[in-house]
Amino acid sequence: MAKTSDSDAKDIITDVKAGKLKPIYLLHGEEPYYIDLVANYLENNVVAEENKDFDFSVLYGGEVKMQDVLAAVSSYPMMSDYRLVVVREAQQIREKDYDLLQLYAKKFNPKAVLVMCCKHKKLDARKAYFKEVQKVGCIMESSKIYDNQVPTFIVNYVRERGKDIKDSAAQMLSTYVGPNLSLLATECDKLILALKGEEKMITEDIVQKIVGMNREFNPYELLNAVIAKDVEKANTLALLVAGDKAELPTIIPAFFSFFQNLMVFYKYCRNVDENTAAEKMGVRPYFVRQYRDATSRYNGFQVLKTISILREYDMKSKGVDVMPGTTNGQLLQEMIYKIMHCNGRTDVF
């Protein structure tokens, strides 16, 4: 099985705990969460707090050149086993200056640890400096996760902290926050703190209360009504947010993610068991059951038509091909009506 950013980060932390430090950590990629996770752990555990004035430096890529970084990491520690230099926002250092790392990697300071944090940027693995650092140091690419992997991240995060969360609550939180892992971690911490006494399970009610969703409406509840083809409930919920309260940019991505995954299920997973389907789709078995149930209410033509409707109303929510004065609430009601009544083949709308 291919390693993930999560497993890479945990492996690095495990090695540091065991005293297996590398002279260079090159942390790069589009997802800042794992870069911060590793960098913060190194910052908190390589040099003792009382020695940081002597043996720890934090630099910022927008304020220094690579020559300044290498000068800082060339010094030997005064009070600790290692000198630690963490470069935040290292992606702001000129890319051509990274070639200087090649020279440092060939003759590094054995009593120093250099941590380069290159957020929102994937470095070029073909470069000579990249290959040289790989020989003696540690390179971690922190990749963004897909929307359908977010609930699994939430469940694992909560369980690693000795608590649990219902799959449906994890999906609700995923729908509300999206794939912003740093924000998700913060919200999960809030939910854990909200548990009382010996309480261990985070439910939908707790998510709704703590994360700040409207107690009468949330995108997850509306999506569930549409999936179940509960016309009355879906129309009622759409009516509740009629007017400017309808946040289509929040609602449409949740719908699109589900129906896109349902199309994948139709194509690859209808005739396989739950666990195999979950592995193929990268979701938990709980959601496979939801997709399988949805196939009894939406045929392939309806799924394709629904995706088309969602794209249409995404554009309308941005002001494209919409009558002046039309509110988001009116657009939402139209969209729900079309989804609930489409057959995919002979629709006139």
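Every number here is computed from the coordinates shown, using simple stated rules; none is lab data. Just so it is clear, the model here is predicted, and its values are computed rather than measured. In this analysis, Cβ positions are derived from the backbone assuming ideal geometry, glycine residues included, and neighbour counts consider all displayed protein chains.
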Problem - Too-long pairs where the Cα-Cα distance tops 30 Å, listed order kept, from Lys119/Lys190; Lys122/Lys200; Lys166/Lys267; Lys229/Lys267; Lys119/Lys338 - result: Lys122/Lys200; Lys119/Lys338
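Cα gyration tensor of the range 1-122, axes a ≥ b ≥ c as square roots of the eigenvalues: rounded (a/c below 1.5), prolate (a/b > b/c) or oblate?
Details: a/c = 1.58, a/b = 1.07, b/c = 1.47.
Oblate.
Here is the link list: Lys17/Lys121; Lys144/Lys280; Lys209/Lys305; Lys20/Lys135. Which ones come out longer than 25 Å on Cα distance? It would help to have the intermediate numbers written out before the result.
Numbers: Lys17/Lys121 28 Å; Lys144/Lys280 19 Å; Lys209/Lys305 35 Å; Lys20/Lys135 15 Å.
Correct reply: Lys17/Lys121; Lys209/Lys305.
If you put +1 on each Lys and Arg Cβ and -1 on each Asp and Glu Cβ, how big is the dipole of the chain around its Cα centre, in Debye rounded to 20? Present the calculation step by step, with values, prior to reporting the outcome.
Details: 47 positive and 47 negative charges, 190 e Å.
In debye, rounded to 20, the chain gives about 920.
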Practice task
Please list, or write none, the aspartates and glutamates whose alpha carbon is within less than 15 Å of the alpha carbon of Lys163, excluding same-chain residues fewer than 8 places away.
Solution key: Glu187, Asp189, Glu198, Glu199, Glu204
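Full-extension gain between Asp68 and Lys121, please, as 0.36 nm times their residue separation minus the C-alpha to C-alpha distance.
Working: separation 53, 0.36 × 53 = 19.08 nm, distance 2.14 nm.
Separation in residues times 0.36 nm, less the Cα-Cα distance, equals 16.9 nm.
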Practice task
Describe numerically, in nm with one decimal, the distance between label points set 7 Å from Cα along Cα→Cβ at Ala48 and at Tyr60.
Solution key: 3.1
Problem - Phi to ³J(HN,Hα) by Karplus 6.51 cos²θ - 1.76 cosθ + 1.60 over the range 64-80, Hz, x for Gly, Pro - result: 10, 9, 4, 4, 5, 4, 5, 5, 5, 7, 7, 6, 8, x, 9, 10, 10
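What Kirkwood Rh does the chain have if only Cα atoms enter the pairwise 1/r average? Answer in Å. Walk me through the numbers on the way to the answer.
Working: mean 1/r = 0.0431 Å⁻¹.
Its Kirkwood hydrodynamic radius stands at 23.2 Å.
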Problem - Cβ-based charge dipole, the chain, positive-most Cα from Leu331, Ile139, Gly197 - result: Ile139
Completion exercise
Quick calc: nm separation of the 7 Å Cα→Cβ label points for Asp321 and Arg159 -> 4.4
Problem - Alpha-carbon centroids, the range 250-320 and the range 32-106: separation in whole Å - result: 45
Practice task
Step through the residues of the range 146-158 one at a time and calculate ³J(HN,Hα) from phi using the Karplus curve (6.51 cos²θ - 1.76 cosθ + 1.60, θ = phi - 60°), rounding each to whole Hz and writing x for Gly and Pro.
Solution key: 6, 3, 6, 9, 4, x, 5, 4, 4, 4, 5, 4, 5
Fill in the blank from the handout: Rounded to 0.05, the calculated FRET efficiency for the beta carbons of Thr236 and Lys190 at R₀ = 30 Å is 0.50
Fill in the blank from the handout: In degrees, nearest 10, the alpha-carbon axis of helix 181-194 is tilted away from the dominant principal axis of the alpha carbons of the chain by 80
Practice task
Taking the Cα atoms of the range 141-213, report the difference between the largest and smallest coordinate on each principal axis, in whole Å and largest first.
Solution key: 39, 25, 18
